[in-house]
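The next block holds one structure in the form of structure tokens; read it before the comments.
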Amino acid sequence: MPRLSPGDLAPDFTLPTADGGAVTLSALRGKHVVVYFYPAAMTPGCTTQACDFRDSLSSLAAAGYAVIGVSPDPVDKLAAFAERDGLTFPLASDGDRSVLEGWGAYGEKTLYGKTVTGVIRSTVVVDPDGRVELAQYNVKATGHVAKLRRDLGTA
């Protein structure tokens, strides 16, 4: 599965969101956008990561970064996740996994010592021109947002 690298043009997408709307990446041109891919809403690791983004949202926004979370979960599950944990950034549903695959965030991974196919926890930062600024794959849920903020100079 090909992965994105700095300098690549980020594949555009339009996905339905937890709030009943939709998010289109190209509509956010002119901003830095953090697109993070996670396996499943309401699970412990994904909750930790989402809450870390929530708690860092104001400092990321102040530095010019928008945040979008993407998972294969249906919109109603994402809405419950957003409400339960007070998540105020877009949570997008990629039910057919086409965006996940196109961004290199779906494929073989090791889980508890076994090779499985699924969502690869990943974060891609897109620059204001729509190009990949930073691409991180197989990230850990715990501590990732703090590391990302350090990498971006927003910590």
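For the reader, a short list of remarks on this structure follows.
- For the residues ALA79, ALA135, ALA92, ALA155, the requirement of being among the aliphatic types (A, V, I, L, M), outside any loop (DSSP other than H, G, I, E, B) and over 15 Å from the mean Cα position of the chain (by Cα) singles out ALA79.
- The residues of the range 86-131 that are exposed (fewer than 15 other Cβ atoms within 10 Å of the Cβ), within 17 Å of GLY45 (Cα to Cα) and modelled with pLDDT of 95 or more amount to a single one, GLY86.
- The range 1-39, residues that are part of a loop (DSSP other than H, G, I, E, B) and buried (at least 19 other Cβ atoms within 10 Å of the Cβ): LEU4, ALA10, PHE13, ALA18, TYR38, PRO39
- Pair list, Cβ < 6 Å and 6+ apart or interchain, from the range 93-116 residues that are in contact (Cβ under 8 Å) with a residue 60 or more places away in the chain to residues that are among the basic types (Lys, Arg): GLY104/ARG3; TYR106/ARG97
- Look at the range 1-29: where a residue is among the aromatic types (Phe, Trp, Tyr) and a partner is surrounded by fewer than 17 Cβ atoms within 10 Å (Cβ to Cβ) and assigned to a strand (DSSP E or B), sitting 6+ places away or on another chain with Cβ atoms under 9 Å, you get PHE13/THR24.
- Screening ALA141 with (1) of a type outside the set (Phe, Trp, Tyr); (2) at pLDDT 95 or above; (3) closer than 19 Å to GLY45 by Cβ; (4) assigned to a loop (DSSP other than H, G, I, E, B) gives one miss only, at (2).
- Failed criterion for ALA66 (all others in (1) closer than 21 Å to THR154 by Cβ; (2) among the aliphatic types (A, V, I, L, M); (3) outside any strand (DSSP E or B) hold): (3)
- With respect to the stated conditions, VAL75 fails to be in contact with a Phe, Trp or Tyr (Cβ under 9 Å, 6 or more places away or on another chain), in contact (Cβ under 8 Å) with a residue 24 or more places away in the chain, closer than 29 Å to VAL116 by Cα and surrounded by 15 or more Cβ atoms within 10 Å (Cβ to Cβ).
The values are calculated or read from the model by the stated rules, or taken from the named source; none is laboratory data. Computed from a prediction, not measured in an experiment: that's the story for all the values here. With ideal geometry, Cβ positions are generated from the backbone for all residues, glycine too; neighbour counts draw on all protein chains shown.
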